[in-house]
1. If a residue counts only when it is touching a residue at least 40 places away in the same chain (Cβ under 8 Å) and under 30 Å from L93 (Cα atoms), which helices (runs of 4 or more DSSP H) contained entirely in the range 111-189 have at least 2 such residues?
2. Which of the residues belonging to the range 100-110 are in a helix (DSSP H, G or I) and either polar (S, T, N, Q) or modelled with pLDDT of 75 or more (or both)?
3. For the range 112-153, which positions are modelled with pLDDT under 90 and hydroxyl-bearing (S, T, Y)?
4. Residue check: is S67 at pLDDT below 75 and assigned to a loop (DSSP other than H, G, I, E, B)?
5. Can you confirm whether the range 5-21 contains a residue that is modelled with pLDDT under 95, assigned to a loop (DSSP other than H, G, I, E, B), within 28 Å of T220 (Cα to Cα) and among the small types (G, A, S)?
6. Just one of the numbered conditions (1) surrounded by fewer than 17 Cβ atoms within 10 Å (Cβ to Cβ); (2) under 18 Å from A76 (Cα atoms); (3) more than 19 Å from the chain's Cα centre (by Cα) is not true of G129; which one?
7. Does S189 satisfy the condition of being under 22 Å from G23 (Cβ atoms), at pLDDT below 95, out of contact with any strand residue (DSSP E or B) (no Cβ under 9 Å at 6 or more places or on another chain) and not aromatic (F, W, Y)?
Amino acid sequence: MAYSHVLLGAGEAPAALVIHRIGFADLKDALRRGLDDFHAMPTHAMFLCAIYPIVGLLAARLAFGYSILPLLYPLAAGFALVGPLAALGLYELSRRREAGLAASASHVLDVVDSTSIGAIVALGLLLLGLFVLWIAVANAIYIANFGYAPPASLGSFIHDVLTTKAGWTLIVVGNGVGFLFAATVLIASAVSFPLLLDRDVGAAVALSTSIRVVQKNPVTMAAWGLIVAALLLAGSLPAFLGLTVVVPVLGHATWHLYRKAVSGHDSPRPSPHRHGGEKRYAADFPAVLFPWARSDR
């Protein structure tokens, strides 16, 4: 039963969700609402997303300190592949604010105790797997063009990439493959994580619903993907610090985009797990994140 819940949610049958057609005006309104949420909750949003510039700077330090310079760009670009998972707290804040509930940093942890957590973890592992695969593929593309020897210096690496045939092959093929990974993540996660926060529908239903949204709105969702990529690039340029604003705005906007694209009032909502007063210990982490691992079930 627990595995069925993770895939199909709490209902006796897969949820019947309605997919709406959305346009460019909806993208603009979602961004406006996302910016409004950020203005209303700036401290919370920046607190939640402070890890982005930190991780970016750590990645840069690793690249310059441990001869993995060729992977710096794939690592930075790959953050977008796990962004939908990392933005869970932002979706939750927007959901609570929309419902007229108190929204503070502490509320982002409510998702851990939700009946949707198993499905969220399942989809999160999918995104993490794609991220790891992307780094492996990017490394293979570099090796195919430049071999196993690390760059002698930053200057020589830039020179080789920009002025040689192998370098331009690396740029074209690497960015082409990266585009395919990004498109896959957009299709799989366009609305899936916000949907799981809002409805207990299961990972399979959330994934198929996200695919259906993209199928019904291919041009609009392609434009959304370009907007996300452009804003993430702009936020990454000043030492990744711009992401403390860009990521929360995009996270909040994604919640509002989901609300425009999907409806399903008959679908069950997630509810807190009942622990029956059982004590919880730090040693139980991360097993307590998985509903099938709980002894009270």
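The values are calculated or read from the model by the stated rules, or taken from the named source; none is laboratory data. Just so we're clear, the structure is a prediction, and the values are computed from it rather than from any experiment. Note that we place each Cβ from the backbone using ideal geometry, even for glycine, and neighbour counts take in every protein chain shown.
1. 117-146, 165-189
2. S106
3. Selection gives S114, T115, S116, Y148, S153.
4. Criteria met by S67.
5. Yes: one or more hits.
6. If we test G129 against (1) surrounded by fewer than 17 Cβ atoms within 10 Å (Cβ to Cβ); (2) under 18 Å from A76 (Cα atoms); (3) more than 19 Å from the chain's Cα centre (by Cα), just (3) comes out false.
7. On the way: under 22 Å from G23 (Cβ atoms): yes; at pLDDT below 95: yes; out of contact with any strand residue (DSSP E or B) (no Cβ under 9 Å at 6 or more places or on another chain): yes; not aromatic (F, W, Y): yes.
Spelling it out, S189 is indeed under 22 Å from G23 (Cβ atoms), at pLDDT below 95, out of contact with any strand residue (DSSP E or B) (no Cβ under 9 Å at 6 or more places or on another chain) and not aromatic (F, W, Y).
Residue-wise test of (1) of a type in the set (V, I, T); (2) within 20 Å of the chain's Cα centre (by Cα).
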{"site": "D113", "(1), (2)": "no, yes"}
{"site": "I120", "(1), (2)": "yes, yes"}
{"site": "G124", "(1), (2)": "no, yes"}
{"site": "S156", "(1), (2)": "no, no"}
{"site": "L162", "(1), (2)": "no, no"}
{"site": "A166", "(1), (2)": "no, no"}
{"site": "T169", "(1), (2)": "yes, no"}
{"site": "V172", "(1), (2)": "yes, no"}
{"site": "A183", "(1), (2)": "no, yes"}
